[in-house]
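Written below as structure tokens is the structure these notes are about.
Just so it is clear, none of the values below were taken in a lab; they were calculated from the coordinates. Predicted model only: the values in this text are computed from it and were never measured. Because the Cβ atoms are built from the backbone with ideal geometry, glycine has one as well, and the counts that use them run over all protein chains shown.
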Amino acid sequence: MAERPLLYYITNRVAFPGDERGRRLHLLDKIAEATSNNIDYIQLREKDLPTRDLESLARGAMQIIHKLKTENRELRTVLLINSRTDVALTTNAAGVHLPANDISPEEVRTAWKCGAGTLARELSTGTPVISVSCHSPEEVNQAVANQATLALFAPVFEKQTIPGTAPQGVDQLRQACLAKIPVLALGGITFQNAASCLQAGAAGIAAIRLFQENDVATIVRKLRS
């Protein structure tokens, strides 16, 4: 079991109450809460937003993360943008998450090196963090071959929001975790079953509802105790 499990919060602003402005404010508050409690990764997964609105939200998130990390040098939180390498570059995010059938990690690294324009080249530094969605041990092995930073293996359990989804199960997760890359468990993760994922070899836990609908400090304490 990982001594310090990696924790990965995936955002979903539409699950918050209120109008669009209110939902965005709720989400930025949750991002601040997650950062303050040293969540390792935050994936901005607002796929329905137009580019301009996504960039605006990402900039707001980056401002919060930067401010909190300036005040507390021990914080490690980084922001990843779902699928949109261009938005990650222009907002100075740490990297991207690649869903299944998206571009390859190699293409992301090429874009990161070349930049998506002058501003992006000025802002981008270092090597991007790249997480990849994987649904089998074989796909995790491919993520390793493609030099991804980490893999999100899903769904381990049935998703509450999508009843009837076929879970991969803990045994498949255990096989996936044999790969030489950090593998995080995703899909139907709760307080009750998170420990079984870590015992199976997962480097950490990725989730939407677990982090977004609960007190983050409590989650961090329970998962890292």
Subject >> Restricting the stretch 199-221 to residues that are in a helix (DSSP H, G or I) and of a type in the set (D, E, K, R), the residue that is farthest from P5 (Cα to Cα) >> reply: R209
**OP:** Please identify the pairs in which a residue from the stretch 15-36 that is free of Cβ contacts under 8 Å to residues at least 24 places away in the same chain and at negative phi has its Cβ atom under 7 Å from the Cβ atom of a residue that is part of a helix (DSSP H, G or I) and exposed (fewer than 12 other Cβ atoms within 10 Å of the Cβ), counting only partners at least 6 apart or on another chain.
**Re:** R23/V14
Original post:
Out of all the residues in the stretch 1-51, which are within 17 Å of I219 (Cα to Cα), among the basic types (K, R) and surrounded by 18 or more Cβ atoms within 10 Å (Cβ to Cβ)?
Top reply: K30
Subject >> Search result, residues across the stretch 174-198 that are charged (D, E, K, R) and either in contact (Cβ under 8 Å) with a residue 40 or more places away in the chain or part of a helix (DSSP H, G or I) (or both) >> reply: R174
**OP:** Would you be able to tell me the number of residues in the stretch 164-197 that are farther than 19 Å from A143 by Cα, within 18 Å of the chain's Cα centre (by Cα), surrounded by 17 or more Cβ atoms within 10 Å (Cβ to Cβ) and among the β-branched types (V, I, T)?
**Re:** 1
Subject >> Positions within the stretch 178-197 being among the hydrophobic types (A, V, I, L, M, F, W, C) and in contact with a helix residue (DSSP H, G or I) (Cβ under 8 Å, 6 or more places away or on another chain), in sequence order >> reply: L178, A179, I181, V183, A185, I189, F191, A194, C197
Original post:
Here are some residues: R73, R45, R59. Which one is of a type in the set (K, R) and more than 17 Å from the chain's Cα centre (by Cα)?
Top reply: R73
Original post:
For S136, all conditions in the list (1) farther than 16 Å from A100 by Cβ; (2) surrounded by fewer than 16 Cβ atoms within 10 Å (Cβ to Cβ); (3) of a type in the set (S, T, N, Q) hold save one; what is the number of the exception?
Top reply: (1)
